[in-house]
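Participant: Shown below is the structure under consideration.
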Amino acid sequence: MSVNTRFAVAVHSAGMIAFGERMVVTSENIAKSVGTNPVVVRRVCGMLVRAGLITVRKGQNGGALLTRPPSQITLGEIYRAVETGPALQVPESREGCSCPVGKIVGGVLRKFFCRAEDGMLQRLDRMKLADVIDAVLEEKQQ
């Protein structure tokens, strides 16, 4: 089972882009920092562009910029920009399942998982990209 790190890569990328005035920020630099391939970073940044959270200029003087200050971008916005399906997946029940629990547990779990995801999104909507940046800077000073 693979682990989905798209949201973490997106927050990491947006945080580095916020420092664009202080450091050179390329997809290669972000990829090195994240520990992934630059193609993954470019794909995630494309999602952030489509969501209106960053802009990208191509060419020699190109680069990425946040469209708003980090204090005005929520982690919920970033999450919704890069995650397309539910965070908690329920496997589909097998055709012809004879187990009385197996026939109904998927629908029940979806309801519980949906409420959990709603709570997570409400919380992410209260957290700002600036909060992450501040925590990173604080941790760096220790």
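Participant: Closer than 20 Å to H12 by Cβ, among the aliphatic types (A, V, I, L, M) and loosely packed, with under 13 Cβ neighbours inside 10 Å: is that true of A87 in this structure? Break it down stepwise before answering.
Facilitator: On the way: closer than 20 Å to H12 by Cβ: yes; among the aliphatic types (A, V, I, L, M): yes; loosely packed, with under 13 Cβ neighbours inside 10 Å: no.
So A87 fails the test.
Participant: Let me ask something additional. Take the residues in segment 47-68 that are in a loop (DSSP other than H, G, I, E, B) and touching a helix residue (DSSP H, G or I) at 6+ places or on another chain (Cβ under 8 Å), then tell me which one is surrounded by the most Cβ atoms within 10 Å (Cβ to Cβ).
Facilitator: Just the residues of segment 47-68 that are in a loop (DSSP other than H, G, I, E, B), to begin with: 51-53, 58-62, 67-68.
Next, from what is left, pick out any that are touching a helix residue (DSSP H, G or I) at 6+ places or on another chain (Cβ under 8 Å): 51, 53.
On the way: A51: 16, L53: 23.
It comes out as L53.
Participant: Quick check on this structure: which one of Q141, Q72 is closer than 22 Å to G20 by Cβ and touching a strand residue (DSSP E or B) at 6+ places or on another chain (Cβ under 8 Å)? Explain how you work it out, then say what you get.
Facilitator: Working: Q141 fails: touching a strand residue (DSSP E or B) at 6+ places or on another chain (Cβ under 8 Å).
The conditions single out Q72.
Participant: Then there's this: So which of S93, S71 is modelled with pLDDT of 95 or more and either among the polar types (S, T, N, Q) or surrounded by 13 or more Cβ atoms within 10 Å (Cβ to Cβ) (or both)?
Facilitator: On the way: S93 fails: modelled with pLDDT of 95 or more.
Only one candidate passes the filter, namely S71.
Participant: Moving to a separate point now. Does segment 71-84 contain at least one residue that is free of Cβ contacts under 8 Å to residues at least 24 places away in the same chain and more than 13 Å from the chain's Cα centre (by Cα)?
Facilitator: Scanning segment 71-84, I find no residue that is free of Cβ contacts under 8 Å to residues at least 24 places away in the same chain and more than 13 Å from the chain's Cα centre (by Cα), so the answer is no.
Participant: Here's another thing I want to ask about it. Residue by residue through segment 34-46, note down the ones that are under 16 Å from A64 (Cα atoms) and surrounded by fewer than 20 Cβ atoms within 10 Å (Cβ to Cβ). Let's see the steps before the verdict.
Facilitator: Within segment 34-46, the subset under 16 Å from A64 (Cα atoms) is 38-46.
Answer for segment 34-46, where residues must be under 16 Å from A64 (Cα atoms) and surrounded by fewer than 20 Cβ atoms within 10 Å (Cβ to Cβ): P38, V39, V40, R42, R43, G46.
Participant: Say whether the condition of being out of contact with any helix residue (DSSP H, G or I) (no Cβ under 6 Å at 6 or more places or on another chain), of a type in the set (K, R), assigned to a helix (DSSP H, G or I) and within 26 Å of V136 (Cα to Cα) is met by at least one residue in segment 8-24.
Facilitator: Within segment 8-24, the first condition is being out of contact with any helix residue (DSSP H, G or I) (no Cβ under 6 Å at 6 or more places or on another chain), and the residues that meet it are 8, 17, 19-24.
Applying the additional criterion that residues be of a type in the set (K, R) yields 22.
In the following step, the residues that additionally are assigned to a helix (DSSP H, G or I) were identified as none.
No, every residue in segment 8-24 fails to be out of contact with any helix residue (DSSP H, G or I) (no Cβ under 6 Å at 6 or more places or on another chain), of a type in the set (K, R), assigned to a helix (DSSP H, G or I) and within 26 Å of V136 (Cα to Cα).
The values are calculated or read from the model by the stated rules, or taken from the named source; none is laboratory data. What you see is a predicted model, and the numbers here were worked out from it, not measured in a lab. Cβ sites come from the backbone with ideal geometry, for glycine too, and all protein chains shown count toward neighbours.
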